[in-house]
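The values are calculated or read from the model by the stated rules, or taken from the named source; none is laboratory data. Here the structure is a predicted model, which is why all the values come from computation and not from measurement. Glycine also receives a Cβ, built like all others from the backbone with ideal geometry; neighbour counts cover every protein chain displayed.
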């Protein structure tokens, strides 16, 4: 189903997903050992894996697709096995199908960013915590998986704390102090990797700066949302109240919460949110391993509710919650069925009904916008078409610079197209530093290899801010250099070869 609905494991070399060029650029910086240029907002594990795997498979974009496809498969498989451990195979199969039915989840199999990897790490944390509670062992592997999730991104922290609580409780209860301490050491090792894998020591943002940057992202999204009412009400929101309960006291916060409950969450969850919440509550019925069940449900829903109440929910945020929420939902309904003797024989029938119900709501989810958005993105289609065009036209050993802001150099990685360390070519507009680099390339191209230069038409470039003047300067420099000859073009791209 992930292949059918999301093209999982399809290695087409295309860049997809939210700001995928940023993540491919970070991987490039790891490969170049340019430790100070790695984005300090992000942990370096994803970039490191993309860079190393990209070398093996011959494409950074394909490496990112492999990582995302494997990670989304982890979400489905680990969620299914979590439910199976608690309530049996019927529940496990049900949650696997319901998660895979979510088009945004399936679509994430092709993303080039770290969100699928983070979703996989979070799902593994829920699985590891469940394993510790049910089996009374596995503390060391739980610590390793918690460290892995923490190394991906600090937003895994609530689920890392779930592992800490599960390991500490069971370690003390079973007097497995050695395993408990080793588990916690592995967890801390994951945290320490935020300055590893090619990032310069102490280059990562401090906590206050990280929160401030995340606030800016949330505010920017609310100010450009496709809900015009939300955008209008949030245009003057105070950044200081973002991520605080005060936001919900404002018209902006109330509209944002309503948008999340009406559109943002329903378009990704396979079942209605009120049903997911109700069924999750059934897993809290007092009884066997009640403390563990409370911790799991509390972590999953606590994290989800904080997300719903503090930001406009996007696909990339919701895929972090979809797997855990559907997991505790099915755990709850199957737990109550197994606890009431007359209902035990109906579990298979209920499971089939839930799957069919989820499938019947597919059209509703698509109407709300829960469809694969990355491959339908006009920008991504144009960028990937331009990259394929350039790849056909230039020799493998050629030197090439893309100055169209279409991320073509990044799509060609690990092919070496530029000598030395480039400027931040992942930017989606022409900055002054990139413009100067492009003009220098036009004036003094590499002399020891064939040199090529790519650029898009003026109407392609963003005309706001400082972007347009810089782009015009590059076009003017190109027009003044008669040694650059056009060798091909598409409606959105022109390729030139240096011919002195």
Per the list (1) more than 25 Å from residue 196 (Cα to Cα); (2) surrounded by fewer than 22 Cβ atoms within 10 Å (Cβ to Cβ); (3) at pLDDT 95 or above, residue check on residue 70 breaks on (1)
* Asked: Does residue 181 count as without any contact (Cβ under 8 Å) to a residue 12 or more places away in the chain and either more than 27 Å from residue 239 (Cα to Cα) or in the same structural domain as residue 311 (by TED's automatic domain parsing) (or both)?
  -> yes
For the stretch 246-271 the number of residues that are under 20 Å from residue 107 (Cα atoms) and surrounded by fewer than 16 Cβ atoms within 10 Å (Cβ to Cβ) is 0
Taking the stretch 52-67 and keeping only residues that are touching a residue at least 60 places away in the same chain (Cβ under 8 Å) and part of a helix (DSSP H, G or I), one is left with 54, 55, 60, 61
Output for Cβ contacts, cut-off 8 Å, separation at least six or different chains, first residue over 16 Å from residue 305 (Cα atoms) in the stretch 239-252, second in a loop (DSSP other than H, G, I, E, B), reads 241/250; 250/237; 252/237
Only unsatisfied item for residue 270, checking (1) assigned by TED's automatic domain parsing to the domain that holds residue 312; (2) closer than 30 Å to residue 143 by Cα; (3) part of a loop (DSSP other than H, G, I, E, B), is (2)
Listed by first then second residue, the pairs whose first member lies in the stretch 208-227 and is at pLDDT below 90, whose partner is loosely packed, with under 13 Cβ neighbours inside 10 Å and part of a loop (DSSP other than H, G, I, E, B), with beta carbons under 6 Å and at least 6 positions apart or on separate chains, are 223/235
Of (1) closer than 19 Å to residue 297 by Cα; (2) touching a helix residue (DSSP H, G or I) at 6+ places or on another chain (Cβ under 9 Å), residue 274 fails just (2)
The condition of being assigned by TED's automatic domain parsing to the domain that holds residue 80, crowded, with 24+ Cβ neighbours inside 10 Å, more than 15 Å from the chain's Cα centre (by Cα) and touching a residue at least 24 places away in the same chain (Cβ under 8 Å) holds, among 109, 130, only for 130
Within the stretch 211-240, residues closer than 29 Å to residue 28 by Cβ and surrounded by fewer than 15 Cβ atoms within 10 Å (Cβ to Cβ) come out as 211, 212, 213, 216, 217, 220, 224
Cβ pairs under 6 Å, 6+ apart or interchain, first in the stretch 410-431 and farther than 18 Å from residue 18 by Cβ, second modelled with pLDDT under 95 and surrounded by fewer than 20 Cβ atoms within 10 Å (Cβ to Cβ), ordered by first then second residue, are 421/32; 421/34; 423/433; 423/437; 430/467
With criteria (1) at pLDDT below 95; (2) closer than 23 Å to residue 46 by Cα, residue 160 comes up short on (1)
(1) surrounded by fewer than 24 Cβ atoms within 10 Å (Cβ to Cβ); (2) touching a residue at least 12 places away in the same chain (Cβ under 8 Å) all hold for residue 115 apart from (1)
Residue in the stretch 135-146 that is within 29 Å of residue 50 (Cβ to Cβ), free of Cβ contacts under 8 Å to residues at least 40 places away in the same chain and assigned to a helix (DSSP H, G or I) present: yes
Exactly one of 361, 425, 401, 413 is surrounded by 15 or more Cβ atoms within 10 Å (Cβ to Cβ), at pLDDT 85 or above and within 21 Å of the chain's Cα centre (by Cα), and that one is 413
Checked against (1) over 26 Å from residue 214 (Cβ atoms); (2) surrounded by fewer than 21 Cβ atoms within 10 Å (Cβ to Cβ), residue 157 satisfies every condition except (1)
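Residue by residue, here is whether (1) crowded, with 22+ Cβ neighbours inside 10 Å; (2) modelled with pLDDT under 90; (3) within 28 Å of residue 121 (Cβ to Cβ); (4) not assigned by TED's automatic domain parsing to the domain that holds residue 95 holds:
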{"residue": "277", "(1), (2), (3), (4)": "no, no, yes, no"}
{"residue": "290", "(1), (2), (3), (4)": "no, no, yes, no"}
{"residue": "319", "(1), (2), (3), (4)": "yes, no, yes, no"}
{"residue": "324", "(1), (2), (3), (4)": "yes, no, yes, no"}
{"residue": "327", "(1), (2), (3), (4)": "yes, no, yes, no"}
{"residue": "334", "(1), (2), (3), (4)": "yes, no, yes, no"}
{"residue": "353", "(1), (2), (3), (4)": "no, no, no, no"}
From the option list 5, 55, 84, single residue qualifying as under 30 Å from residue 349 (Cα atoms) and either modelled with pLDDT of 95 or more or crowded, with 24+ Cβ neighbours inside 10 Å (or both) is 84
Condition set loosely packed, with under 15 Cβ neighbours inside 10 Å and farther than 19 Å from residue 452 by Cα, scope the stretch 429-439, selection modelled with the lowest pLDDT: answer is 432
Only one of (1) modelled with pLDDT of 70 or more; (2) surrounded by fewer than 13 Cβ atoms within 10 Å (Cβ to Cβ) does not apply to residue 464, and that is (1)
